[in-house]
Each structure stands twice: as structure tokens, then as C-alpha cells.
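The values are calculated or read from the model by the stated rules, or taken from the named source; none is laboratory data. Everything numeric in this text was worked out from a predicted model, so none of it was measured. Heads up, the Cβs are rebuilt from the backbone with ideal geometry, glycines too, and the neighbour counts pull from every protein chain shown. SASA here: full protein model, heavy atoms, side chains in, ligands and nucleic acids out. Shrake-Rupley method; radii C 1.70, N 1.55, O 1.52, S 1.80 Å.
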Amino acid sequence: MIVRIMGEGQVRLDDSHLAELNGLDDELLAEMQNGDGPGFRRTLAALLTRVRDLGTPLPDDALEPSELILPSPDATLEEVRELLSDDGLIPGAT
């Protein structure tokens, strides 16, 4: 799966990591629904860090279509709300 972090670039991420990332996505969604700004910021940072750690960066000149687009680390709660689907940021989240 190709994942884009807005403002940073793309990484190739093995589908086997989706369960772990979905757990963080669930936490992020709950914090947003509860208006927990500090929790939201902490969990967004953790989610993006795991994507960076688990993924393999693609070259800057790669033109791969992104299957998943994640917000930048400094995105506001309102900006992230605009990116959300019913499943959160990551499709298939429980």
C-alpha cells in the first residue's frame, strides 16, 4: 500500500501493519469525537511516526498513486475531520 503524509511524501507500507495502525486510528477518532485536543495531537503524532517507521520511503520523484492520505503532523482537529470517513483515516478501522 502506498501512503502519503501530506507535506512529507510517500511510503510503501505492507498491509500486515494495518491492524496496528487501525488501533491508533480508532484512538484518534475517539479523541476527536470527545474534543480531546491534547490526546488528538499525541495520537496523530504516534500514528504518523509508526507509518514512517514501518514504511519504506519512496523517492521524491516517484509518481505512485496514494491508496491512503494522512494529514500533516501540524494539521488541526478541524482539518483532520475533513479527511475522515466513517472508518476514520484508515479504511477498515473498527
Practice task
Output the residues belonging to the stretch 10-30 that are under 13 Å from ARG50 (Cα atoms), of a type in the set (D, E, K, R) and under 12 Å from the mean Cα position of the chain (by Cα).
Solution key: GLU20, ASP25
Fill in the blank from the handout: Flagged pairs (Cβ under 7 angstrom, 6 or more apart or on separate chains; first in the stretch 48-67, without any contact (Cβ under 8 Å) to a residue 60 or more places away in the chain and acidic (Asp, Glu); second in a loop (DSSP other than H, G, I, E, B) and surrounded by 12 or more Cβ atoms within 10 Å (Cβ to Cβ)) are none
Practice task
Within the stretch 24-44, work out how many residues are open to solvent by 50 Å² or more (accessible area, probe 1.4 Å) and at pLDDT 90 or above.
Solution key: 6
Exercise for the section: Answer yes or no: is there a residue in the stretch 57-77 that is β-branched (Val, Ile, Thr) and either part of a loop (DSSP other than H, G, I, E, B) or modelled with pLDDT under 95 (or both). Expected result: yes
Practice task
Kindly provide the set of residues from the stretch 9-23 that are in a helix (DSSP H, G or I) and exposed (fewer than 15 other Cβ atoms within 10 Å of the Cβ), ordered by number.
Solution key: ASP15, SER16, ALA19, GLU20
Practice task
Provide a single number: the residues in the stretch 47-80 that are of a type in the set (Gly, Ala, Ser), surrounded by 12 or more Cβ atoms within 10 Å (Cβ to Cβ) and over 13 Å from MET6 (Cα atoms).
Solution key: 1
